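Notes follow the structure.
The values are calculated or read from the model by the stated rules, or taken from the named source; none is laboratory data. Since this is a predicted model, take the numbers as computed values, not measurements. Note that we place each Cβ from the backbone using ideal geometry, even for glycine, and neighbour counts take in every protein chain shown. Remember, those area values only see protein heavy atoms, side chains included, never the ligands or the DNA or RNA. Shrake-Rupley method; radii C 1.70, N 1.55, O 1.52, S 1.80 Å.
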Amino acid sequence: MLFAVKLSLVAAVVGDAAAFGTRELDSVRANATEHHWAVIVAGSNSFANYRHQADACHAYQIMKKNGVPESNIILMMYDDIAGNAMNPYPGQVFNKPTAAGVPGVDVYAGCVAEYTGKDVNRDVFLAVLTGDADAAGGRVLGSTAGDNVFVYYADHGAKGLVAMPANEKPVTAKDLQGALETMRSQDMYDRLVVYVEACESGSMFTGDLLANDTKVYATTAASGMESSWGCYCGTESKVDGKSLSTCLGDLYSVSWMENSDLDAPAETLAKQYRVVKRETNKSHVQLFGDQSFARDYVVAFQGDGDDKRGVAAPAAPARTGLVSSRDATLSFLEARLLAARGDDALGDARSAYDAELAARAATAGRFARVSAAHGETLHGLLERGAKTDVGAFSDAHWACYGDAIEAVRTACPRGIDDEHVLGHLKVLAALCYADAGADVAGAVAAACAD
């Protein structure tokens with residue numbers, strides 16, 4: 001059975017800092033960073049999705065700077081950004097803009113991925129979490145009951161799932177739930193912290209998906225009903241005077257990482273949650289799971305092994321260049337179009353932009369046909385799907401939904417490797433929740449065959 005309920009925010013988390021700032025913590029765990037582990041995932045590819053790999057490398061640098069051994073940091077990313085022909089800074093990746101004359105901070109230097117390309121997939125990720133080296137084919141978590149584990153996942157998402165690059169099978173909430181249960185049963189952590197950057201990411205833990213007594217603490221960039229947001233996009237994506245046209249970061253991710261970069265980081269998990277919630281002002285950051293250790297210090301998970309007290313971080317300036325992640329590719333293509341010079345470049349950029357608009361219209365048409373096949377309207381199902389709680393899914397609901405997603409992935413022109421398609425998967429969730437026995441996958445296959 002999927003494990004317990006999302007907790008309501010308690011006073012220790014949302015109350016005045018004094019409610020927890022003066023409380024002594026539990027005794028400090030072993031003062032040795034070899035007992036700290038991190039799993040970092042960028043679940044997309046292509047230059048339009050630059051921000052996810054920039055986020056992931058930035059997170060890697062934070063862990064490394066704060067003393068987590070690189071042997072204990074497991075990074076999964078497609079690694080097609082630094083060397084991309086569209087990159088005006090070959091071999092470099094930036095997560096934040098700088099003014100002309102000010103060099104950017106290259107987060108790619110020393111960012112070492114354990115898994116790249118096609119090895120960034122659902123099965124490998126789940127094997128890494130559960131310590132199955134044979135299945136993963138590389139390094140996996142070797143953590144024990146005395147260790148802290150930090151998991152950060154940056155990607156596109158949909159109702160009850162986070163995506164993987166290149167149209168690979170997604171990681172569903174049920175998949176993640178199973179991995180967390182395995183980790184717990186095998187005593188693979190003392191305390192586990194999970195940060196998820198994705199659209200509808202709150203649906204990964206809602207309902208009965210995360211227990212309140214498992215030492216798993218999770219926050220997400222958005223609720224289960226909304227998009228997350230990219231930042232430093234469009235005209236704000238300049239580094240030392242050169243425009244990259246693509247979003248350099250994600251608003252939730254940049255908020256927690258720029259907070260953690262400070263010499264005096266937010267002192268507790270609860271404090272960092274409050275800071276990130278305030279600064280992520282385009283979506284509703286969510287908090288789930290076991291909050292019994294919300295007063296523990298951020299550096300006990302992102303760094304040097306001590307539950308040491310820090311100093312409250314100053315407020316960050318408002319971040320600019322914000323774009324809904326559902327529109328990030330369109331924003332990228334628009335920026336390329338506006339920057340194009342010369343007839344050939346302008347023609348190519350216009351064709352790419354128009355093709356994206358046409359693909360979006362075609363996606364809406366296909367899901368409208370799926371809706372009509374069940375006597376529903378697309379608009380009505382999008383509204384119902386947004387409210388559908390996958391945490392209440394039975395195994396039969398998950399089977400229906402999983403088959404329907406697989407039909408989209410294998411039968412539709414763009415599969416699920418597209419943020420606009422992912423935004424329509426809630427239609428399938430609503431249909432399956434209404435009738436777990438419905439042939440939703442068949443309707444998808446028929447709609448995509450036209």
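Laid out as a table, the results:
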quantity	calculated
Filter pass, A211 being open to solvent by 10 Å² or more (accessible area, probe 1.4 Å) and assigned by the TED database to the domain that holds G303	no
Any pair with Cβ under 6 angstrom, 6 or more apart, that starts in the range 173-184 at a residue that is closer than 14 Å to D132 by Cα and ends at one that is assigned to a helix (DSSP H, G or I) and not aliphatic (A, V, I, L, M)	A179/T130; T182/T130
Criterion violated by L251 - all others in (1) on the phi > 0 side of the Ramachandran plot; (2) surrounded by 24 or more Cβ atoms within 10 Å (Cβ to Cβ) satisfied	(1)
Which listed residue is in the same structural domain as K65 (by the TED database) and open to solvent by 10 Å² or more (accessible area, probe 1.4 Å), from D187, D155	D187
Residues being closer than 14 Å to A364 by Cβ and of a type in the set (A, V, I, L, M) - total across the range 388-427	5
Check on A222, in contact (Cβ under 8 Å) with a residue 60 or more places away in the chain, open to solvent by less than 10 Å² (accessible area, probe 1.4 Å), in contact with a Phe, Trp or Tyr (Cβ under 6 Å, 6 or more places away or on another chain) and part of a loop (DSSP other than H, G, I, E, B)	no
Candidate set from the range 276-292 (those that are under 13 Å from R319 (Cβ atoms) and without any contact (Cβ under 8 Å) to a residue 40 or more places away in the chain); member that is surrounded by the fewest Cβ atoms within 10 Å (Cβ to Cβ)	R278
Some residue of the range 157-169 being part of a loop (DSSP other than H, G, I, E, B), under 22 Å from R326 (Cβ atoms) and of a type in the set (A, V, I, L, M, F, W, C)	yes
Filter result (open to solvent by 60 Å² or more (accessible area, probe 1.4 Å), out of contact with any strand residue (DSSP E or B) (no Cβ under 8 Å at 6 or more places or on another chain) and either part of a loop (DSSP other than H, G, I, E, B) or modelled with pLDDT under 95 (or both)) within the range 110-133	D132
Hey, Y195 touching a residue at least 60 places away in the same chain (Cβ under 8 Å), assigned to a strand (DSSP E or B) and closer than 17 Å to N95 by Cβ or not	yes
